1. Before anything else, pin down the relative contact order of the chain: Cα pairs under 8 Å, at least 6 apart, normalised by residue count, whole percent.
2. Anyone know which of 26, 139, 169 comes out most mobile in the 10 Å Cα GNM of the chain?
3. Tell me what the chain gives for mean residue ellipticity at 222 nm when only DSSP H runs of n ≥ 4 count, each as -39,500 (n - 2.57), the sum divided by the residue total, rounded to 500 deg cm²/dmol.
4. Treating the angle as unsigned and between 0 and 90°, give the value, to the nearest 10°, between the Cα long axis of helix 114-127 and the longest Cα principal axis of the chain.
5. Looking only at 148, 95, 185, which one moves most when the chain is put into a Gaussian network model with springs between Cα atoms under 10 Å?
6. Of 108, 172, 55, which is the most mobile in a GNM of the chain whose springs link Cα atoms less than 10 angstrom apart?
7. Using just the alpha carbons, could you tell me how many Å³ per residue the convex hull of the chain encloses?
8. At what distance in nm do the modelled label points of residue 241 and residue 178 sit from each other, each positioned 7 Å from its Cα along Cα→Cβ?
Ligand code: SF4
Ligand code: SF4
């Protein structure tokens, strides 16, 4: 779409601008432009941004805006006006405040999706190995390992008071003999505590291929090399296991 092109020349003309009261190292203009080009060339960008009235309806209905120093209107305006320094600045913290509920997309009179734009900004932050992405994803290391190694996000045996201190006193409500209760569910794939449900080995191996082909694993390597190494080991093990199973079928 032409919208992004309208403002590009003005942005290119800017020199590297440093904030005189900030101790942070200024980001070279070329780097800012590279980051913006990654954002603008994202396959979904033209479907998420059509213009902006600066009306603030998105911010008025945004749950995250009520609790954080965050405004979807501001994010959209930064992108619409191609404010490269502002975009880079927002990627250092603000974009991680979005809850991805997409209320904004349902309300915007321009049919923009601020939440979708935030998702693009997050992907680009990961691609560039920004510290904000590493900080935002660190608490989810255990969940990521679980998803990639088992195909499930949360397992019954993960629901313990130690793992969820933010639940407060409500955590006691899950203090039940889940291993017994789950065996009563008439679906055999749910008779486990190690995963939410048992994922077929073939499905797991197919998922690994998808994650490799779509660049998910490359992104993970950029953000957390240790986790990446562990996951590669898990994938190799599962692939060998699957190959052994295939060989057995041939015998
Ligand atoms: S993104 Fe949409 S709702 Fe938000 S300020 Fe712009 S036009 Fe208004
Ligand atoms: S998707 Fe993000 S920006 Fe949009 S309303 Fe929800 S929290 Fe706010």
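1. Numbers: 261 pairs, mean separation 36.2, N = 251.
Taking the mean separation of contacting Cα pairs over the length of the chain, I get 14 percent.
2. Maximum among the listed residues: 169.
3. Values: 16 runs with 139 residues, N = 251.
Mean residue ellipticity, 222 nm, calculated: -15500 deg cm²/dmol.
4. 80
5. Maximum among the listed residues: 185.
6. Per the Cα network of the chain with a 10 Å cutoff, 172 tops the list.
7. Values: hull volume 47.6 nm³, N = 251.
For the chain, the hull spanned by Cα atoms encloses 190 Å³ per residue.
8. Taking the simple label geometry, residue 241 and residue 178 are separated by 2.0 nm.
Throughout, read-outs are computed from the coordinates displayed, never taken from laboratory work. Just so we're clear, the structure is a prediction, and the values are computed from it rather than from any experiment. Note: ideal-geometry Cβ built from the backbone for every residue, glycine included; neighbour counts use all protein chains shown.
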